[in-house]
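S.K.: Structure below; questions to follow.
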Amino acid sequence: MKILAVDPGSKRIGLAISDPTGAIASPWGVIDHVSRPVDAAAIVKVADENSVGKVVVGQSLDEHGEPTFEGRQAARLAGAIRALTEKPVELWDESFSTRDARAARIALGTSRRRRSGHMDELAATVILQSYLDAHRKDP
C-alpha cells in the first residue's frame, strides 16, 4: 500500500509518497499553504490521484512529548483531512525532519547555494521514511 506523508508548514506543505511495498519514500512535491480546508482538499486530491491507502501527517513534539504550537496545527490539519476521506490518517513525530533533510543534502554534496531553498518535500520524505522504517515487518 502506498502512503502519503505530509510536512505541514506555514508557507508550503511538503509531500512524499512511498512505493507500493511501503519500503521506500520519495519526494512528491510541495503545495502552497492557503487555508486548512483548501490544504486538506489538495492533500486528499493528491492521495486519490496517486492511489494512496494512508496519509501520515508530521507533528512536531516538544521535549516532553507534547505537541508544539505547530504540532497542534498539524493535528487540526489531520482532522480536516479525515473529514474529507475514508483513508486512515495518522500523526507521526516529525521532530528534526528539516534538520535531517538539510544534513542529507550536505551528505550528498549539494552546494551551499543549492541547499538554501525550501526543504519541505525532503522533510516529508524524511518523515515518511522514518514511519516506514518503524512499521517495517522484518521476516
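S.K.: Can Val38 be described as more than 12 Å from the chain's Cα centre (by Cα) and closer than 13 Å to Glu121 by Cβ?
M.R.: Answer is no for this residue.
S.K.: Okay, moving on. So for the stretch 74-90 (the condition being more than 20 Å from Ala23 (Cβ to Cβ), at pLDDT 90 or above, touching a Gly at 6+ places or on another chain (Cβ under 9 Å) and surrounded by 14 or more Cβ atoms within 10 Å (Cβ to Cβ)), does at least one residue qualify? Explain how you work it out, then say what you get.
M.R.: Of the stretch 74-90, the ones more than 20 Å from Ala23 (Cβ to Cβ) are 74-86, 89.
With the extra rule that they be at pLDDT 90 or above, the set shrinks to 74-86, 89.
Next, only the ones that are touching a Gly at 6+ places or on another chain (Cβ under 9 Å) stay: 74, 89.
From what is left, the residues that are surrounded by 14 or more Cβ atoms within 10 Å (Cβ to Cβ) are 74, 89.
The answer is yes, given that some residue of the stretch 74-90 is more than 20 Å from Ala23 (Cβ to Cβ), at pLDDT 90 or above, touching a Gly at 6+ places or on another chain (Cβ under 9 Å) and surrounded by 14 or more Cβ atoms within 10 Å (Cβ to Cβ).
S.K.: So, one more: Would you mention how many residues in the stretch 68-93 are outside any helix (DSSP H, G or I) and more than 16 Å from Val44 (Cβ to Cβ)? Break it down stepwise before answering.
M.R.: The first filter runs over the stretch 68-93 and keeps only residues outside any helix (DSSP H, G or I), leaving 68, 85-93.
Restricting the remaining residues to those that are more than 16 Å from Val44 (Cβ to Cβ) gives 68, 91-93.
Selection size over the stretch 68-93: 4.
S.K.: Looking at the stretch 6-24, which of the residues that are over 21 Å from Ser35 (Cβ atoms) and in a strand (DSSP E or B) is nearest to the chain's Cα centre (by Cα)?
M.R.: Just the residues of the stretch 6-24 that are over 21 Å from Ser35 (Cβ atoms), to begin with: 16-24.
Then keep just the ones that are in a strand (DSSP E or B); that gives 16-18.
Working: Ala16: 6, Ile17: 9, Ser18: 11 Å.
So, considering only residues that are over 21 Å from Ser35 (Cβ atoms) and in a strand (DSSP E or B), the one nearest to the chain's Cα centre (by Cα) is Ala16.
S.K.: Let me ask something else. How many of the residues making up the stretch 44-75 are more than 16 Å from Lys2 (Cβ to Cβ) and in contact with a Lys or Arg (Cβ under 9 Å, 6 or more places away or on another chain)?
M.R.: Initial filter on the stretch 44-75 (more than 16 Å from Lys2 (Cβ to Cβ)): 58-75.
From what's left, in contact with a Lys or Arg (Cβ under 9 Å, 6 or more places away or on another chain): 59, 73.
Looking only at that region, the number is 2.
S.K.: Could you list all residues from the stretch 114-124 that are modelled with pLDDT of 55 or more and surrounded by fewer than 19 Cβ atoms within 10 Å (Cβ to Cβ)?
M.R.: So the first thing to find is which residues in the stretch 114-124 are modelled with pLDDT of 55 or more, and the list is 118-124.
Scanning the stretch 114-124 gives a single hit, His118.
S.K.: Among (1) surrounded by 19 or more Cβ atoms within 10 Å (Cβ to Cβ); (2) in a helix (DSSP H, G or I); (3) in contact with a strand residue (DSSP E or B) (Cβ under 8 Å, 6 or more places away or on another chain), where does Ala40 come up short?
M.R.: For Ala40, the exception is condition (3).
S.K.: Something else now. Tell me yes or no: at least one residue of the stretch 62-72 is among the polar types (S, T, N, Q), surrounded by 13 or more Cβ atoms within 10 Å (Cβ to Cβ) and modelled with pLDDT of 95 or more. Break it down into steps so the answer makes sense when it comes.
M.R.: At the first step, the residues of the stretch 62-72 found to be among the polar types (S, T, N, Q) are 68.
Applying the additional criterion that residues be surrounded by 13 or more Cβ atoms within 10 Å (Cβ to Cβ) yields 68.
Subsequent filtering for residues that are modelled with pLDDT of 95 or more retains none.
For the stretch 62-72, residues among the polar types (S, T, N, Q), surrounded by 13 or more Cβ atoms within 10 Å (Cβ to Cβ) and modelled with pLDDT of 95 or more: absent.
The values are calculated or read from the model by the stated rules, or taken from the named source; none is laboratory data. Please read these numbers as outputs of a predicted model, since none were measured by experiment. Don't worry about glycine lacking a Cβ; one is built from the backbone with ideal geometry, like all the others, and counts go over all protein chains shown.
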